[in-house]
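The next block holds one structure in the form of structure tokens; read it before the comments.
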Amino acid sequence: MERIAIFPGSFDPFTIGHKNIVDRALPLFDRIIIAIGVNSAKQPWMPLPERIDAIHFVFADEPQVEVDSFSGLAVDYARERNARFLLRGVRTCADFDYERNMADANRMLPAGKDIETILLPALPEYAAVSSSLVRELARFGAPYAHLLPYTNHHPYTNLIT
Ligand code: PNS
């Protein structure tokens, strides 16, 4: 049976920290589906099609990686995609508390009982990198391109720097 992991997140935007989690998780799984959770009540910083496009660009040479979006519960989406694993990165103790609660909540859902959450600790150099930090820097006109894995090459750079 293929080992498929869903890497769910808002990825608003996808950072070098997210990329590092995917890179390090690749040897663990046959396939990783980076799944952008869509919350229609919230206005994103980066529009969904551009987030998808940017992540595609980052993993263009990586056939094990797929990019998709979902609405609803992550475990329902995982079931739909025949994925038995949810992958999440953990930077801090606060992250760990939150992620453990989420993993427990997901396990209690009917669709989640056979889905295992795999938590990967962020490397120290990425511990302070987050999408919200990027958005905050952008808000103040401060540089943030160094936190994004695609800004040096991607045409979309022009729109967000
Ligand atoms: O990167 P984020 O913002 O922490 O990602 C949040 C996301 C999209 C992964 C999370 O909100 C999510 O999984 N939403 C779907 C609803 C769900 O399954 N919630 C957990 C059980 S209540």
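The values are calculated or read from the model by the stated rules, or taken from the named source; none is laboratory data. Worth saying up front: this structure is predicted, and the values here are computed from it rather than measured. Here the Cβ is made from the backbone with ideal geometry for all residues, glycine too, and neighbour counts use every protein chain on show. The accessibility values were calculated without ligands, DNA or RNA, using every heavy atom of the protein model including side chains. Shrake-Rupley method; radii C 1.70, N 1.55, O 1.52, S 1.80 Å.
Observations
- The value for region 12-92 of Rg(Cα) / (2.2 N^0.38 Å) is 1.09.
- With the largest listed first and rounded to whole Å, the semi-axes of the equivalent ellipsoid of the chain from the Cα gyration tensor are 25, 17, 16.
- Averaged per residue, the chain has 55 square angstrom of accessible surface, using a 1.4 angstrom probe with ligands and nucleic acids left out.
- THR92 accessible area, assembled protein chains, probe 1.4 Å, Å²: 70
- The helix-only estimate of mean residue ellipticity at 222 nm for the chain, built from DSSP H runs of length n ≥ 4 each weighted as -39500 (n - 2.57), is -10000 deg cm²/dmol after division by the residue total.
- Given a 1.4 Å probe and the protein chains as shown, LEU73 ends up with an accessible area of around 80 Å².
- A cut-off under 13 angstrom between Cβ atoms defines the neighbours of ARG81, and their net charge, with Lys, Arg +1 and Asp, Glu -1, is -2.
- Part-to-part distance (alpha-carbon centres) for region 1-56 and region 85-120, which is given in Å: 16
- A DSSP coil position with no more than 14 other Cβ atoms inside 10 Å describes the following GluC sites (Glu not before Pro) in region 1-97: GLU2.
- The chain, relative contact order in percent, only Cα pairs under 8 angstrom and at least six apart counted: 30
- Only protein heavy atoms count here; under a 1.4 Å probe, HIS146 has an accessible surface of about 120 Å².
- Accessible surface of region 41-161, 1.4 Å probe, proportion on carbon and sulfur as whole %: 54
- Stretchable slack from ASP23 to ALA41, in nm (0.36 nm times residue separation minus alpha-carbon distance): 3.4 nm
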